[in-house]
Amino acid sequence: MSKKQTQPEELQAVEMPPVRDFLTETQRDGTTLCASDVYSETYSWLKLMGCENAVSRQLIEQYAMSVSRWVHCEQIISKYGYIAKHPTTGAAMTSPYVTMSQAYMKQIISIRAEINRIVEDNRPVTSNFVQEVVYGE
């Protein structure tokens, strides 16, 4: 008995995986996050480094969302200020957007360090490697 063997489906190369909808959704305040831009720029940089297949799509998406949420918080801080009124006492307090911005910045630093580690582990070292990773050149 011989089983009929099927040919594997041919893979097609793509420039970049499509940006998923959640990266481009309109926010409650009517703005659109810059996550799709960050995703595209990060993927392009990874492709330039020869590591676009080494970093998971989810990690790139997490990075893009963290950066875009941080930018969004910073825009709100610029619009409304650093200080807010406490809801029960009325006293001045740090705006919650400042705290959220700091939390997103910590995520950005952590995720970017992971991406840089993956790039470092999967890319041949060149004389200008540090300049490429740190400055994106």
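The values are calculated or read from the model by the stated rules, or taken from the named source; none is laboratory data. Small disclaimer: the values here were computed from a predicted structure and weren't measured. Neighbour counts run over all protein chains shown; Cβ positions are idealised from the backbone, glycine included. Side chains included, ligands, DNA and RNA excluded: accessible areas come from the protein's heavy atoms. Shrake-Rupley method; radii C 1.70, N 1.55, O 1.52, S 1.80 Å.
Things to note:
- Residues within region 62-97 that are assigned to a helix (DSSP H, G or I) and not aromatic (Phe, Trp, Tyr), tallied: 17
- Condition met for ILE109 (without any contact (Cβ under 8 Å) to a residue 60 or more places away in the chain and open to solvent by 80 Å² or more (accessible area, probe 1.4 Å)): yes
- Looking at GLU52, GLU10, GLU25, just one residue is more than 23 Å from LYS106 (Cβ to Cβ) and modelled with pLDDT under 85, and that residue is GLU10.
- The residues of region 30-51 that are in contact (Cβ under 8 Å) with a residue 12 or more places away in the chain, outside any helix (DSSP H, G or I) and more than 16 Å from SER66 (Cβ to Cβ), listed by number, are THR31, GLY50, CYS51.
- Residues being crowded, with 20+ Cβ neighbours inside 10 Å, among the β-branched types (Val, Ile, Thr) and within 17 Å of SER101 (Cβ to Cβ) - total across region 37-90: 2
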